[in-house]
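To start, the structure under review is shown below, and the notes come after it.
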Amino acid sequence: MRFLLITLGSHGDVHPFVGLSQRLAQRGHDVTLATNAYFRDLCERGGVSFKPVGTRDQFVKMIDNPDVWHPRKGGPAVMSAAAESGRILFRLVHENADENTIVVGSSLSMGALSAAELRGLRYATVHLSPLCVRSSVEMPRLPGGIGLNWMPMWMRRKFWEGADRWFIDPAIVPALNALRAEVGLPPVTRVMNGWWSAPMLTIGLWPSWYAQPQPDWPPQVRLTGFPLYDEADVTPLSDELLRWLDAGEKPIAFTPGSAMRFGRRFFEQAIEASRRLDRRALLLTRHPEQLPSSLPDNVRYEAFAPFGSLLPRCAAVVHHGGIGSVAQALRAGTPQLVMAMSHDQPDNGARVARLGVGDWLSARRFNARRAVRVLQRLTSDPQVADACRQTAQRFVGVDALGQTCDLLESLAVRPRPTPGMPEATISLS
């Protein structure tokens, strides 16, 4: 089969698609992964056929925008960046997919979804976190730490209507509908209220014990599990880091995420927390300009370390709450403290707390004093240790990528959707 996979975002958004591309290729399929040119080296070192979507400079410009990490502004900022890529993705699908191609797009690949709608191509959406599948029955923990499950049902629905009308749709609908009008497709509204989940198949890459399917989810949603690809095949733990890990007690790992470039305060508080705890600390960031010019003797810096190999050797991990980091800590049985900024991070932090394997703080409330108090509890409470062990056991024998491949392969025997309009009318400039 021919597969065209498309994803937008940071390493946390690209890693699952690299792992999925590798697994599909191992099954004998012709697979191409399209994402930002920033990730060309990762894809090619991983043996994945690559097509660029936008330039490195465009990716750097996005992560240099402080609004991306703001609790209220973060969602619209990312949506606006996705809207800018809509035409590129539309053209990518139009030029690289034929009637036998199965197109697989991430949540933000809405230009690709529109191209598949126009052409009548088999298309699957892959959502990486539960926040992407909207529910009024179980409201997520929203950026800013807002919990809304206390609301009556009518008020929850009104809340979503207002969020779409005033925040989400204004960021993406004008550009998306301009594109759709140009090729003769009808306009869309309330993009996150179901439209961005492909009607043929939508896959959630998390297990049901992490986020239970809700009765108001779209019926085509299927859950497989955490993909767990972490780049270990191309960027293993260095010999120097292994020697440092072996030389003392288990450290606490700290990272604000691969794309975060405004983490100076986070690292200052991490260093102070490790001093108060009298613990070794490992600071992880691809942007070392955020770090102090010198580090204490018990603190080490690494640009990157694959969590699947690292976290079993850590006493705890403090991270931003990206779904990939959460999943790796769950599999390792390592207690985790989430420092949530925006997007799905507060919801992931709340789920970690409900599982009993960690806790979370908003970025505004995160400091050394609070982190020390939480980490002391997480690393000494036998109930937390037991919850971590039980959760890690849930991963045994589970092949989430294999299950995802099975679902995608099943699309090949299903009839193609009816094209949105005759292909001859396409005149996208």
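As a proxy for reagent exposure, ranking Glu95, Glu161 by other Cβ atoms within 10 Å from fewest up yields Glu95, Glu161. Shown is the FRET efficiency for Lys158 and Gln403, computed with R0 = 51 Å from the Cβ-Cβ distance and rounded to the nearest 0.05: 0.90. Measuring nothing but how far apart in sequence close Cα pairs (under 8 Å, 6+ apart) lie, relative to its length, the chain scores a relative contact order of 17 percent.
The alpha carbon centroids of region 258-303 and region 216-232 are separated by 32 Å.
Normalising the average separation of contacting C-alpha pairs (under 8 angstrom, six or more residues apart) by the number of residues puts the relative contact order of region 239-393 at 21 percent. Counting beta carbons within 10 Å around each of Asp13, Asp278 and listing the fewest first gives the order Asp278, Asp13. Among rounded, prolate and oblate, which fits region 127-218 when a ≥ b ≥ c are the square roots of the eigenvalues of its C-alpha gyration tensor, a/c under 1.5 means rounded, and a/b larger than b/c means prolate? Because a/c hits 1.5 or more and a/b fails to exceed b/c, region 127-218 counts as oblate.
Between Leu242 and Gln58, the modelled labels are 4.0 nm apart [label points 7 Å from Cα along Cα→Cβ].
Taken over the C-alpha atoms, the chain has Rg and Dmax values of 21.4, 69 angstrom. Here the Karplus relation 6.51 cos²θ - 1.76 cosθ + 1.60, evaluated at θ = phi - 60°, turns the backbone of region 139-150 into coupling constants of 6, x, 7, 8, x, x, x, 6, x, 10, 5, 6 Hz, with x for every Gly and Pro.
Shape call for region 239-393 from the C-alpha gyration tensor, a ≥ b ≥ c root eigenvalues: rounded (a/c under 1.5), prolate (a/b greater than b/c) or oblate? Verdict is rounded for region 239-393. Quick check on region 331-410: take the gyration tensor over C-alpha atoms, sort the square-rooted eigenvalues as a ≥ b ≥ c, and tell me if it's rounded (a/c under 1.5), prolate or oblate. Taking the square roots of the gyration eigenvalues as a ≥ b ≥ c, region 331-410 is oblate. Given the C-alpha centroids of region 68-117 and region 123-162, what is the distance between them in whole angstrom? For region 68-117 versus region 123-162, the Cα centre distance is 22 Å. Put a dot 7 Å past the Cα of Val413, heading toward its Cβ, do the same for Arg370, and the two dots end up 5.2 nm apart. When you count the other C-beta atoms within 10 angstrom of each residue and take the mean per peptide, 220-231, 353-364 line up highest first as 220-231, 353-364. Its Cα centre serving as origin, region 132-205 has a Cβ charge dipole (Lys and Arg +1, Asp and Glu -1) of approximately 200 debye.
Taking other C-beta atoms within 10 Å as the exposure proxy, Met192, Met153 rank Met153, Met192 from fewest upward.
Any read-out appearing in this document is the output of simple, stated calculations on the displayed coordinates, not a laboratory observation. No experiment lies behind these values; they were computed from the predicted model shown. Cβ sites come from the backbone with ideal geometry, for glycine too, and all protein chains shown count toward neighbours.
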